[in-house]
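Visitor: Attaching a single structure in structure tokens format; questions to follow.
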Amino acid sequence: MFFPRPDEYRELSRRYRVVPVYRRMVADLETPIGAYKKLSPHPGYLLESVTGGEVLGRYSFLGFRPFLTFRAKGREVEIVQGGKTRVEGNPFAILGRLMEELRGPSLPDLPRFYGGAVGYFGYDLVRHLEKLPEKAVDDLLLPDLFLLFTRQVLIFDHVRRELTVVVNTLPANDPEKEYRRAAEEIEETLELLRRPLPCEYGVLESPALPSPASNFSRDVFCAAVRYLKERIAAGDALQVVLSQRFELLAPTDPFAAYRRLRAINPSPYLFYLDFGEPVVAGSSPEMLVRVEGGVVTTRPIAGTRPRGRSPEEDARLEKELLEDPKERAEHLMLVDLGRNDVGRIAEPGTVRVTEFMRVEKYSHVMHLVSEVQGLLPPSLSALEALTASFPAGTVTGAPKVKAMELIEELEPTRRGIYAGAVGYLSFTGNLDTCITIRTMVFCRGKVFVQAGAGIVADSEPEREFMETWAKARALLATLGKEGGR
């Protein structure tokens, strides 16, 4: 049976530009990975989640067959729907107007997302929000913003063991024809999902990793850390997140690398974006901002310890993390940044710290996590909530604008996709984005991984260099024997 019923669909088509048609079925034998392999969406996306680092999130989303693509580079925006349309202007403003046009109904038996814009917001979009110097080289020349609006979305409900196949229709001209077409597409997709996959055994262990190239030498990176310590001592900043980018020859199958990544490093935000050029695969632990039901949420993460090898060691490391004055001070600074970001757009008097310095455990590490919430005024959109928090203070430092100026002065190449956001803007006005860290970018025959370290007054240059290398190596190891220099 298809929902909504034809008479309900006709009524919704009078009020909304986008109306979903969907069918739900039992899916205890199907997985998001298996469905992705069967459908081979190109372009397409897969969004998954492991909550708290240990429990599979309720929903996974798989999208394919885009009816609209939105790309931006600088002030040039390309909207592909049928033919190509190029416009000049602020991409945030143009995207905001487009999302207002493409509104869909909130239906009680569909989750917070059934379709909308999915993709990445590159770090350099901040140049539309703040005036920054332009010193770093843009060597990859990737879009600053890349979003897909897909006609089909598969929703896996891991609690109810159900699969919902959604077709997002544009019924304005001929609702009856669109409804019939959507029902046919759903049946075609279900037929594809009934096909068996060949038996496949992935290997979790990775052989020795070749040495990647970096956009920093060790000496230059350490000199940059010493320079930042001088600027911090002079009162110019409290913290600056300095990053370096590593690269290897790309593997032949980025999706296999994603599968190893999700197995080795499960996180609240797991994503695979196949946009052709680029492909983006990541396992981010950190929300940037979420808007759901008019509530704005951000979750600063700062403070880390490894997991213990026994329950006793795990408990000792947790206690050590909670009592470390340096970790607590850095975390408090980032909570204040989160309060300021949410306060810029929330209703006055509604900003609250709803969780404070809770320890959240993941497969290899534990973090200090807090949560900040506020109420979004009806006059503002979810996209405006994103721009108020963009980019995250945890990947820039504080004060944010001064830290970004110092980053531009010292990092040799533009950050691009790194340190921006990945997520969705839904047709219903919801938004969920993570910070683009622990992410691999496949393009130009190579794979790029970037990692940063928070530089403060007492930072040790060599130790900060090794921290960025260790973070990057954990990701690059998922490439296995196919990686090469």
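Visitor: List the GluC sites (Glu not before Pro) within the stretch 160-200 that fall in a DSSP loop (any state other than H, G, I, E or B) and whose Cβ has at most 11 other Cβ atoms within 10 Å.
Guide: Numbers: sites: Glu162, Glu176, Glu178, Glu184, Glu185, Glu187, Glu188, Glu191, Glu200; in loops: Glu200.
Here the sparse-neighbourhood loop sites are Glu200.
Visitor: In debye, nearest 20, what is the charge dipole magnitude of the chain about its Cα centre with +1 on Lys and Arg Cβ and -1 on Asp and Glu Cβ, if you could check?
Guide: Details: 64 positive and 67 negative charges, 131 e Å.
About 640 debye.
Visitor: Would you mind calculating the relative contact order of the chain from Cα pairs under 8 angstrom and at least 6 residues apart, reporting the percent as a whole number? Display every interim value, and only then the final one.
Guide: Details: 1065 pairs, mean separation 111.1, N = 485.
Here the relative contact order equals 23 percent.
Visitor: In the stretch 314-449, with Lys and Arg counted as +1 and Asp and Glu as -1 at Cβ, which of these residues, Ile437, Thr350, Thr387, has the Cα nearest the positive end of the dipole, that is, farthest along it?
Guide: Value: Ile437.
Visitor: With the contact rule set at Cα under 8 Å and sequence spacing of 6 or more, what percent relative contact order holds for the stretch 61-201? Walk me through the numbers on the way to the answer.
Guide: Values: 166 pairs, mean separation 38.0, N = 141.
Answer for the stretch 61-201 is 27 percent.
Visitor: So what is the relative contact order of the stretch 375-485, in percent, for Cα pairs below 8 Å that sit 6 or more residues apart?
Guide: Working: 90 pairs, mean separation 19.8, N = 111.
Computed value for the stretch 375-485: 18 percent relative contact order.
Visitor: Using the basic label-point model (7 angstrom from Cα toward the beta carbon), what is the Glu277 to Arg307 distance in nanometres?
Guide: 3.9
Visitor: Using each residue's phi in the stretch 144-150, evaluate 6.51 cos²θ - 1.76 cosθ + 1.60 at θ = phi - 60° and report the 3J(HN,Hα) Karplus result to the nearest Hz, with x for Gly and Pro.
Guide: Karplus values, whole Hz, x for Gly and Pro: 6, 9, 9, 10, 10, 10, 8.
Visitor: Using only the Cα atoms of the stretch 247-363, what are the Rg and Dmax in Å?
Guide: That works out to 18.0, 52 Å for Rg and Dmax.
Visitor: Computed from the coordinates I sent, Cα extents along the principal axes in Å equals one of (1) 93, 73, 44; (2) 68, 53, 44; (3) 74, 63, 44. Tell me the label.
Guide: Given (1) 93, 73, 44; (2) 68, 53, 44; (3) 74, 63, 44, the calculated one carries the label (2).
Visitor: Something else: Can you list residues whose amide H is under 5 Å from Lys446's amide H, if they're 5+ apart or on another chain and H is modeled 1.01 Å from N?
Guide: So Lys446 has HN proximity to Ala250.
Visitor: Let me ask something additional. Would you mind checking which residues have amide H under 5 Å from Asp139's amide H? H placed 1.01 Å from N; only 5 or more apart, or other chain.
Guide: Amide H neighbours of Asp139, under 5 Å, 5+ apart: Arg414.
Visitor: Is the shape of the stretch 352-434 best called rounded, prolate or oblate, per the rule: a/c under 1.5 gives rounded, else a/b larger than b/c gives prolate, else oblate, with a ≥ b ≥ c the square roots of the Cα gyration tensor eigenvalues?
Guide: oblate
Visitor: A further question on this structure: Among Gly454, Gln244, Met1, whose Cα sits farthest toward the positive end of the charge dipole of the chain (+1 at Cβ of Lys/Arg, -1 at Cβ of Asp/Glu, about the Cα centre)?
Guide: Met1
Visitor: Can you give the charge dipole size of the stretch 155-310 about its Cα centre, rounded to the nearest 20 debye, using +1 on the beta carbon of Lys and Arg and -1 on the beta carbon of Asp and Glu?
Guide: Numbers: 20 positive and 21 negative charges, 224 e Å.
So the magnitude is around 1080 debye.
Visitor: Tell me whether the stretch 1-133 comes out rounded, prolate or oblate; compute the Cα gyration tensor, take square roots of the eigenvalues as a ≥ b ≥ c, and use a/c under 1.5 as the rounded threshold. Show your work: numbers first, answer last.
Guide: Working: a/c = 2.01, a/b = 1.34, b/c = 1.50.
Because a/c hits 1.5 or more and a/b fails to exceed b/c, the stretch 1-133 counts as oblate.
Visitor: Quick query: amide H of Arg245 versus all other amide H atoms, modeled in the peptide plane; which residues come in under 5 Å with a sequence gap of 5 or more or a different chain?
Guide: Amide H to amide H, under 5 Å and 5 or more residues apart or across chains, Arg245 pairs with Asn215, Phe216.
Visitor: Picking from Leu479, Gly420, Val372, whose Cα lies most toward the positive end of the charge dipole for the stretch 354-485 (charges on Cβ: Lys, Arg +1; Asp, Glu -1)?
Guide: It is Leu479.
Visitor: Give me the extension gain from Thr354 to Thr85: residue separation times 0.36 nm, minus the current Cα-Cα distance, reported in nm with one decimal. Can you show the working numbers first?
Guide: Values: separation 269, 0.36 × 269 = 96.84 nm, distance 4.37 nm.
Extra length available between Thr354 and Thr85 comes to 92.5 nm.
Visitor: Which order, highest average first, do 289-299, 250-260, 384-394, 132-142 follow once you tally other Cβ atoms within 10 Å for each residue and take the mean per peptide? All intermediate terms of the calculation are to be shown ahead of the outcome.
Guide: Working: 289-299: 20.9, 250-260: 18.4, 384-394: 23.8, 132-142: 14.4.
Going by the mean number of other Cβ atoms within 10 Å, highest first, we get 384-394, 289-299, 250-260, 132-142.
Visitor: Mind checking the dipole of the stretch 250-325: about its Cα centre, +1 per Lys or Arg Cβ, -1 per Asp or Glu Cβ, Debye to the nearest 20?
Guide: Working: 10 positive and 12 negative charges, 31 e Å.
So the dipole magnitude of the stretch 250-325 works out to roughly 140 debye.
Visitor: Which helices, taking whole DSSP H runs in the chain, have alpha carbons extending 30 angstrom or more along the helix axis plus mean Kyte-Doolittle at least 0.5?
Guide: Working: long enough: none.
Qualifying helices: none.
Visitor: Once you've got the Cα coordinates, tell me which of Lys73/Lys229; Lys319/Lys402; Lys135/Lys229; Lys73/Lys177; Lys229/Lys471; Lys319/Lys446 are over 32 Å apart.
Guide: Numbers: Lys73/Lys229 34 Å; Lys319/Lys402 34 Å; Lys135/Lys229 21 Å; Lys73/Lys177 37 Å; Lys229/Lys471 22 Å; Lys319/Lys446 41 Å.
With Cα atoms farther than 32 Å apart: Lys73/Lys229; Lys319/Lys402; Lys73/Lys177; Lys319/Lys446.
Visitor: Now for a separate question. Can you tell me how the stretch 415-485 classifies by the Cα gyration tensor, rounded, prolate or oblate, using a/c under 1.5 as the rounded cut?
Guide: On the way: a/c = 2.87, a/b = 1.28, b/c = 2.24.
It comes out oblate by the Cα gyration axes.
Visitor: When you count, for each residue, the other Cβ atoms within 10 Å and take the mean per peptide, how do 334-347, 34-47 rank with the highest first?
Guide: On the way: 334-347: 20.6, 34-47: 18.7.
Averaged packing, sorted descending, gives the order 334-347, 34-47.
The numbers here are math on the coordinates, done by the rules we state, and not lab data. Please read all numbers here as calculations on a predicted model, not as lab measurements. Here the Cβ is made from the backbone with ideal geometry for all residues, glycine too, and neighbour counts use every protein chain on show.
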